[in-house]
Every structure is written in C-alpha cells, then in structure tokens.
Amino acid sequence: MSDPVRPWLAGKDQTGSDERPRPEADRPWLTVVGIGDGGLSSLTGEALDAIDRAGTIFGGERHLAMLGETRAETILWDKPFTAALDRLRARAGTPTVVLATGDPMWFGVGATLARHVGPGEMRVLPAPSAFSLAAAKLGWPIQMTACLTVHGRPVDQLSRHLFPAERLLILSENAGSPREIARLLTSRGFGQSRLVVLEHLGGERETIRETLAAGYDIEDGADLNLVAVECVAGRAATPRPIVAGLPDDAFVHDGKMTKRTLRALAIAALEPMPGALLWDVGAGAGSIAVEWLRAAPRARAVAIEPKPERCAMIAENAATLGVPELLLVEGQAPEAYAGLEVPDAIFIGGGLSDGVFEEAWNALKPGGRMVAHAVTLESEAILIDLHGRLGGELMRIAIDRAETVGPFRGFKPAMPVVHWHLSKPHPRPQASPGQAG
C-alpha cells in the first residue's frame, strides 16, 4: 500500500512529476508548520504542500527527523536564536518552512518570528497545542485552566498561580521539570497536589503518569512533557491574592519598606496595565515592584536600590512571590537610570531629591504615572514644591493602629506619610506654519 505522505517529501506532485511547484507571487515566503508527536501523518494537505514547496526547512532535531527523505535543505534550529534568525532572513523571498511543536503561536517560535518577520511574509499552520491535547485527555475545560510554561523560565514564577482548587497545565523545560515543579509545590505548602505527567501526547510513545507533589516518585522520562496540577493547599500554604496590599510579613525586609495600606494606595495610583514598565526607585524590599508585577499580565518592573543587602532581599521576595523576572539594578539614582527602557510608571519611595525626581520625570512617557512618598521634613518640602509647580494630588496620611497598653488598648500613631501622584501631560501639538495663532 502506498504512503500518501511520501510524494510530498520526495519533491513530487501528486501526478508523480519530479518538478517542484514554483512559489506563487502572492504566497508568503515563510510558512511556520506546527507538528505534533504523530509526525507527518497528522499534518493537513496544506502543511504537506508547504513542506513540498520549501527550498529550506528549519527545525529542531526531533522535527527534522520526522521528515525522512526530502530534497529541501534542512537546517537545525539551534541557539543562539539571533544566529538562526539571520540564516532564516537570508532566505527571504524563497519558499521556506520552519517546523515547530504544536501551536507555534502559543509559547512557540511563531510568536517570536512574528516580531521579526512582516505579517505579509509569514503564514502559520498550527497543530493542536500540548495544552489542548492534555485538556482533552484529562477532561479539563481549557478556558478554566491556567496554561503556563517553564521552558526557558524560572520555576519560581509558578508561585503566583498557586491557589486552592486551581488547575494548571505547565509546559516543561526538560525531563527534570516535573520533579522541580513538585519540589516547588511542596515548599509552598501544596504538597498534596495531584500531578499528572503527560509525555509525547498524540504520538505512539504517549505516556501518562500520576503522583502527589510531596511524594513525587516518577522517574525522569522524556524531555517532551507537560505537567498537569490540581492544586491542594495544606495547612502550611499561604496563597497570596493578586490584589495589591499583601501582608507586610509576606516580604523579607529590614523595616524600610512601603507598608501594606500605603502600598495598596500607591499601586492603585500607579495603575498597573498589561505589558507596562515600572521603575521602583529606592526599592528597599522591592514590595512595590513585586506587587506591580503580580497585578497585571506581562507587566515589567525595574527595582533600583543602592544597598547590596536590600538587593538580596528584593531578589528573595521576587522569587518567593512568583515574579523572578523582576529586573534588579544595584545602584544610586539618578545615575542608575542610564540605559534603562523608558517607563510607563515610576514610584519614588526612598532617596527623594530634586535630581532623583527631575531625571525620572524627564524619562517618564507622556501619560505615564508618577507616585512619590515622603516621611522626612526635607522630602516633604520637595513634594510640596513639586505639587505647587506641577499639580497632581497631594495628601498626608496618618494611620493609628490599636495596640495593647498594659491591661487596656490604645491607638499608636505611625509616622505620617505624604503621598503625591500625577500623570505626565502629553505635549501640546504644535501649530502648522500656516495656522493662525
């Protein structure tokens, strides 16, 4: 019985001709083909046709091994990415295929290529993602499941997704990832969580194994795997909400930090948004930057702190609270601003001076949010002056907390804090030369 896949791979059309079809003028030169563990037999005719037309095929070692015989030049998609990208761009205008696992636009190479190749130059032919295949096996509604990855990312980032009864699907980095995930769950008090390790989904070597995080007893298997987690919180678990205002004891600190109530106010005024960048100047324990990152998907933050011991605290807090992507700059403002990406929001909580503010204000994007706190008379005077010149909202906040006084209770005042926030105005459009004033 003939193999219906072979004519495409051998460079022949369905009539048996050896002549390759010529690329069409209106067809993108680059096709990203998602391929599952089932190999070529799982591909659509359109995907097979793209492979047949290709003069060059890029892919990982596993992907290229699935091709068998082909007349196309095959190139191993290797690291660093920039080198492979240069080789790919050199083939612009000629039919080229990149093979990728599953859905290339979901934690895949397709999303990366889209940032470097114009939309008219590339098309994507996805296969079912590992998330879809796993959800189908487990009977989990995918829209109610957190789909995550630790491929090229720290396992610590999973901490912010640990909630009672939450379901997680996690793409692994390699065969050791399931064990690392189990170790993290156990350390966070989620040791009784059910783990399912799914390998080679959709292929002949498909394997599904199950265990508990605390008693993880599965031997390392295939690098190509996904971990499904049903979160069970034990007594030692301390799940942290994403809303701003975590308890002060959630952070390692030396007392120099923005306390819970004022932190919640500051985060609200900073207005975290997806993908937005924050500078946390004089970061202390990093509590503002950490809460900013937890508050919005894909949010980014830079913590600027001159003291090494506090930088160590910031790094520990970022890892523990699930935001290891926090960028830490050990240095003194404003000199530490040099080379940083332009921010969408800035918080100045320590070391406030005219120079620290002015250079931060100049760097802030139009429409960006500025928040500053002051506790000393000198820094208060700076904020009062800035409010007079630039406007915004200025308030003095005094908080009294009930404490025991002998056999009674009384309110003990904390140091008052001056809070100032404002948005940077957009520049006024300039009148055209012929326009009347």
**Contacts under 6 angstrom Cβ, first residue in the stretch 402-425 being touching a residue at least 60 places away in the same chain (Cβ under 8 Å), partner part of a strand (DSSP E or B) and of a type outside the set (Phe, Trp, Tyr), 6 or more apart** = Val417/His373; Val417/Ile397; His419/His373; His419/Met395; His419/Ile397; His421/Val371; His421/Glu393
**Complete:** Those residues of the stretch 200-240 which are under 25 Å from the mean Cα position of the chain (by Cα) and outside any loop (DSSP other than H, G, I, E, B) amount to Asn225, Leu226, Val227, Ala228, Val229, Glu230
**Asked** On the given criteria, is Pro427 loosely packed, with under 10 Cβ neighbours inside 10 Å, of a type outside the set (Phe, Trp, Tyr), within 36 Å of the chain's Cα centre (by Cα) and assigned to a loop (DSSP other than H, G, I, E, B)?
**Response** yes
**Request:** May I ask you to list the residues in the stretch 248-267 that are free of Cβ contacts under 8 Å to residues at least 60 places away in the same chain, crowded, with 19+ Cβ neighbours inside 10 Å and not in a helix (DSSP H, G or I)?
**Result:** Met257
**Fill in**
Scanning the stretch 197-218 residue by residue, the ones that are in contact with a strand residue (DSSP E or B) (Cβ under 9 Å, 6 or more places away or on another chain) and surrounded by fewer than 20 Cβ atoms within 10 Å (Cβ to Cβ) total 12
**Message:** Quick test for you: out of Ala336, Ala315, Ala303, Ala264, pick the one residue that is under 27 Å from Arg396 (Cβ atoms) and in contact with a strand residue (DSSP E or B) (Cβ under 7 Å, 6 or more places away or on another chain).
**Reply:** Ala303
**Item:** Members of the stretch 219-230 found to be buried (at least 19 other Cβ atoms within 10 Å of the Cβ) and without any contact (Cβ under 8 Å) to a residue 60 or more places away in the chain, listed by number
**Value:** Asn225, Val227
**Request:** Scan the stretch 350-370 and give yes if some residue there is within 25 Å of Ala295 (Cβ to Cβ), assigned by TED's automatic domain parsing to the domain that holds Glu271 and among the β-branched types (Val, Ile, Thr), otherwise no.
**Result:** yes
**Message:** Of the residues Leu138, Leu133, only one is touching a residue at least 60 places away in the same chain (Cβ under 8 Å), aliphatic (A, V, I, L, M), surrounded by fewer than 19 Cβ atoms within 10 Å (Cβ to Cβ) and under 14 Å from Leu226 (Cα atoms); which?
**Reply:** Leu138
**Prompt:** Mind checking which pairs have a first residue in the stretch 308-320 that is assigned by TED's automatic domain parsing to the domain that holds His253 and within 17 Å of Arg294 (Cα to Cα) and a second that is of a type in the set (Phe, Trp, Tyr) and surrounded by 19 or more Cβ atoms within 10 Å (Cβ to Cβ), Cβ under 7 Å, 6 or more apart or different chains?
**Reply:** Asn317/Phe251
**Item:** Scope the stretch 43-59; condition surrounded by 16 or more Cβ atoms within 10 Å (Cβ to Cβ) and part of a helix (DSSP H, G or I); matching residues
**Value:** Ala47, Leu48, Asp49, Ala50, Ile51, Asp52, Arg53
**Message:** For the stretch 367-376, which positions are in a strand (DSSP E or B) and within 13 Å of Leu277 (Cα to Cα)?
**Reply:** Arg369, Met370
**Asked** For the stretch 415-424, does any single residue satisfy the condition of being among the aromatic types (Phe, Trp, Tyr), modelled with pLDDT of 90 or more and in contact with a helix residue (DSSP H, G or I) (Cβ under 7 Å, 6 or more places away or on another chain)?
**Response** yes
**Complete:** Residue set Arg188, Arg205, Arg179; condition within 19 Å of Arg294 (Cα to Cα) and not aromatic (Phe, Trp, Tyr); output residue Arg188
**Count - residues of the stretch 60-80 that are surrounded by 12 or more Cβ atoms within 10 Å (Cβ to Cβ) and either part of a strand (DSSP E or B) or touching a residue at least 24 places away in the same chain (Cβ under 8 Å) (or both)** = 14
**Request:** Please give the number of the condition Pro7 fails out of (1) modelled with pLDDT under 90; (2) part of a loop (DSSP other than H, G, I, E, B).
**Result:** (2)
**Item:** Failed item, numbered, when Arg188 is tested on (1) among the basic types (Lys, Arg); (2) at pLDDT below 95; (3) surrounded by 20 or more Cβ atoms within 10 Å (Cβ to Cβ)
**Value:** (2)
**Asked** Which one of these is outside the structural domain of Arg27 (by TED's automatic domain parsing), in contact with a Gly (Cβ under 6 Å, 6 or more places away or on another chain) and modelled with pLDDT of 95 or more: Gln143, Gln157?
**Response** Gln157
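The values are calculated or read from the model by the stated rules, or taken from the named source; none is laboratory data. Keep in mind the model is a prediction, meaning the values are calculated, not measured. As a convention, Cβ positions derive from the backbone with ideal geometry for all residues, glycine included, and neighbour counts pool all protein chains shown.
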